[in-house]
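For reference, the structure discussed in these notes is given below.
The values are calculated or read from the model by the stated rules, or taken from the named source; none is laboratory data. Note that the structure is predicted; figures quoted are calculated from it, not measured. With ideal geometry, Cβ positions are generated from the backbone for all residues, glycine too; neighbour counts draw on all protein chains shown.
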Amino acid sequence: MIPDQWYALLEAKQVPPHRPVGVIRLGEKMVFWRDAQGKIACAVDQCPHRGAALSAGKLRGDCVECPFHGFQFNSTGLCTMIPANGRNAEVPQAFRLRAYPVIEKHGLVYVWWGEPRAEYPPLPEFDFMNDRRFVYATLRDRWKTHYSRAIENQLDVIHLPFVHSNTIGSSGKTLVNGPRYRVVEHPGGMDQLEFWFDNEVDHGQKALKPAEMPAPRDPPLIQFRFPNLWHNWLGDTFHLFIAFAPVDDESTKLYLRTYHTMRLPVARQIFELFGNLGNFYIERQDRRVVLTQRPLRTELRMGEKLIFGDAPIIEYRRRRQKLIGAD
């Protein structure tokens, strides 16, 4: 995983106010809970006393309580009470729990994966996510592959007429002009990769290189924000969004959202129902193929023979490797 980044790891509504929730993310067992004010906390899901899962415990005010011996931990990881020693006994520092900084925004739970800081960079986000006109519906799915493979599938414009021959690629546009891309830098290395493409039916013409394509329009068709957010601009009032939450090295949780401005209750329900059904069908077309790719995790140099149309994937790999600190 890329260190020192804000990762969107789950939806806020997955963390209820009355109990802790245990999930695996970033290869770690994590426990999430809400304190008495409703603020989300996150820590390693293992009591430092005897190793029990805190997610099997209860909430006591601002703290999560271990189900085994009642040790209580607050959002900073501080053990506030060891019942067997008495409620007024001093708690040794050795019982501190590893806690993670958390921010709840856009209905998502962002966790800082890295060393603690006095000041953290801004959250990765897309501008439309702060537009109050929009509502959304979410489709969740789990892919048994590394999150880099799942992300690269959404940066791949070559596969459309083959994987999606009866849906979004049904026009048979196999020839790929470009793609043309740019990188918008943001604090903390959470840069944004933006690209445009123009697929055409192949009549024997020569594919245009990126520099030969017309000047790109704004906004771009596709945006990817490090470390794990993707956006497809479909119109001023319609957007697709995916948060690729790394579970471990072999599994990824996808949170696929349709953002729209339709607020009439019945019309919204119908629109979101059919939208999710369509997204599920298309997403499963991708999933069927991506799960066959080996190795599961991608690297900048891994023996694959890439072509011009893979330019966004190459740039993603280059920047990901730089952020990881690999040679």
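Which residues, taken from region 208-254, are small (Gly, Ala, Ser) and assigned to a loop (DSSP other than H, G, I, E, B)? Listed by number, the list holds a single entry, Ala215. Screening Gly275 on (1) surrounded by 11 or more Cβ atoms within 10 Å (Cβ to Cβ); (2) out of contact with any Ser or Thr (no Cβ under 7 Å at 6 or more places or on another chain) shows it passes everything except condition (2). If you check Pro210, Pro220, Pro214, Pro179 for being over 15 Å from Ile151 (Cβ atoms), over 17 Å from the mean Cα position of the chain (by Cα) and either of a type in the set (Ser, Thr, Tyr) or surrounded by fewer than 16 Cβ atoms within 10 Å (Cβ to Cβ) (or both), only one passes: Pro214.
The residues in region 249-274 that are in contact with a helix residue (DSSP H, G or I) (Cβ under 6 Å, 6 or more places away or on another chain) and basic (Lys, Arg) can be counted, and the count is 0.
Test of understanding: among Asp62, Asp45, which residue is free of Cβ contacts under 8 Å to residues at least 60 places away in the same chain and in contact with a Lys or Arg (Cβ under 6 Å, 6 or more places away or on another chain)? Steps first, please.
On the way: Asp62 fails: in contact with a Lys or Arg (Cβ under 6 Å, 6 or more places away or on another chain).
The match here is Asp45.
Within the span defined as region 232-252, one or more residues are within 28 Å of Tyr7 (Cβ to Cβ), of a type in the set (Phe, Trp, Tyr) and surrounded by fewer than 19 Cβ atoms within 10 Å (Cβ to Cβ). Can you list residue pairs whose Cβ atoms sit under 7 Å apart, with the first residue in region 111-134 being free of Cβ contacts under 8 Å to residues at least 12 places away in the same chain and outside the structural domain of Gly189 (by TED's automatic domain parsing) and the second being exposed (fewer than 11 other Cβ atoms within 10 Å of the Cβ) and of a type in the set (Phe, Trp, Tyr)? Count only pairs 6 or more apart in sequence or on different chains. Every condition considered, no pair remains.
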